[in-house]
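Following: one structure in structure tokens, then a few remarks.
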Amino acid sequence: MSTEEIPLARPVIGEAEERAVLEVLRSGQLSLGPRLEAFEVAFAARLGAAHASAVSSGTAGLHLALRAAGVSDGDEVVTSPFSFVASANAVLYERARPVFADIDPVTLNLDPAAAAAAITPRTSAILPVHIFGYPADLSAFEAMGLPIVEDACEALGAVHADGVAVGARGNLAVFGFYANKQITTGEGGMVLTGDPAVKARIDSERNQGRAADMGWLDHDRLGFNYRLSDLACAVGLAQLDRLDGMLASRAALARSYRDALGEIEGLDLPCDDRGAERRGWFVFVVQVPHDGPGRDDVVRGLREHGVQSKPYLPAIHLMSFYRERFGHRLGEFPVCEDVAARSVALPFFPGMTDEQVARVAAALRAVLGRG
Ligand SMILES: *Cc1c(COP(=O)(O)O)cnc(C)c1O
């Protein structure tokens, strides 16, 4: 049996990506070239979405999406405290306030009833997160009549109960392509929308506020440099070609984990798909039992067994920046706090072997003392 450390994540990069990057390097056009539109068109087509705009990161995409939704100074945006910090930070970029509401204990997504209770006259948008790739209950949020920005950064490949791909409902929806995501461009992101005018605004704002038909140094609005290079777009195109295989591999791995870990008493596993909903597998996160070693001891113990793992995710409202800025405290969002305090991400990447899954499971049993 191998004792090499098992990493948490690892991208699948092959000859197709290498060739694609070389072609761009040799073409002389490294940015705002033909791969940009090709990647946008292919991504939108893959999901059945109307329009896509490639941007430099998921975080940049969330920022532009919130601006496009009309979020500005003094507004409130209702969102999940159980997310990667970027979804709340992006609200602050526009001097608006993230208003957290508790999560559903099964799906770990923003709870629609809690979100509805958090709406005030200052609420200008709702920002649900498809956490760990599980589809958020979008029809419930859409019924609230406010602009919606979906954080779909973890949810490529996820499908709603009605068969529509997550991100393709016509709302502003944002994907991310950091190295651990379902597809990667190193860094990168994509904003989807059903509205061509919204796409035009995002395309302009990612490029310093320049309209498509304007001269190089003329700008008719405030913009940013949130462009994605043609090098990155070329990698993204090659990754899209592998997407089905990589998603199938992640789903098979999740089944292996479920078989290997299902018998551990008190250990909470990712929820099963409900009805026709489909998770787009991104990470495999377990919640350690209430009555055993704590999350950080488990992470340390796994490392001693040659298994990388990570506390994932910590609650955003309890991070020091958010506590100090907004006076948040323990007890505000009990479901989120309980889940976050016990959540550990295990190694999860296409190509991970059954032998590696068995090693992780054995290590986890040993560390939890439930061999
Ligand atoms: C990855 C991720 C993002 C975006 O991250 P970037 O590193 O900026 O691409 C945003 N929200 C969630 C929930 C994520 O997992």
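Of the residues making up segment 320-327, not a single one is under 30 Å from residue 366 (Cβ atoms), out of contact with any Leu (no Cβ under 9 Å at 6 or more places or on another chain) and not acidic (Asp, Glu). Within segment 337-348, the set of residues being closer than 20 Å to residue 183 by Cα and either surrounded by fewer than 20 Cβ atoms within 10 Å (Cβ to Cβ) or among the small types (Gly, Ala, Ser) (or both) comprises 345 only.
Within segment 172-182, at least one residue is of a type outside the set (Ser, Thr, Tyr), more than 14 Å from residue 43 (Cα to Cα) and in contact with a helix residue (DSSP H, G or I) (Cβ under 9 Å, 6 or more places away or on another chain). Of all residues in segment 50-64, those being within 11 Å of the ligand (Cβ to nearest atom) and not β-branched (Val, Ile, Thr) number 7.
The requirement of being buried (at least 20 other Cβ atoms within 10 Å of the Cβ), more than 25 Å from residue 325 (Cα to Cα) and more than 11 Å from the ligand (Cβ to nearest atom) is satisfied by residue 138. For segment 88-96, the criterion of a residue being surrounded by fewer than 21 Cβ atoms within 10 Å (Cβ to Cβ), part of a helix (DSSP H, G or I), free of Cβ contacts under 8 Å to residues at least 12 places away in the same chain and at negative phi is satisfied by at least one position. Taking (1) in a helix (DSSP H, G or I); (2) surrounded by fewer than 20 Cβ atoms within 10 Å (Cβ to Cβ) in turn, residue 36 satisfies each apart from (2). In summary, residue 28 fulfils each of the numbered conditions (1) at negative phi; (2) out of contact with any strand residue (DSSP E or B) (no Cβ under 8 Å at 6 or more places or on another chain); (3) more than 16 Å from the ligand (Cβ to nearest atom); (4) not charged (D, E, K, R) with the single exception of condition (1).
Against the conditions (1) away from the ligand (no atom under 16 Å from the Cβ); (2) in contact with a Lys or Arg (Cβ under 6 Å, 6 or more places away or on another chain); (3) not assigned by TED's automatic domain parsing to the domain that holds residue 354, residue 264 satisfies every one except (3). The residues listed here are 174, 166; of these, the one that is surrounded by 23 or more Cβ atoms within 10 Å (Cβ to Cβ), among the β-branched types (Val, Ile, Thr) and within 18 Å of residue 202 (Cα to Cα) is 174. Hey, any hits in segment 215-226 for a residue that's closer than 17 Å to residue 49 by Cβ and at pLDDT 95 or above? No, every residue in segment 215-226 fails to be closer than 17 Å to residue 49 by Cβ and at pLDDT 95 or above. Every listed requirement among (1) in a helix (DSSP H, G or I); (2) within 16 Å of the ligand (Cβ to nearest atom) is met by residue 117 save one, (2). A single entry from 258, 303 fulfils the requirement of being in contact with a Pro (Cβ under 9 Å, 6 or more places away or on another chain), surrounded by fewer than 19 Cβ atoms within 10 Å (Cβ to Cβ) and closer than 30 Å to residue 13 by Cα: 258.
The values are calculated or read from the model by the stated rules, or taken from the named source; none is laboratory data. Not measured: the values here are computed from a predicted model. Note: ideal-geometry Cβ built from the backbone for every residue, glycine included; neighbour counts use all protein chains shown.
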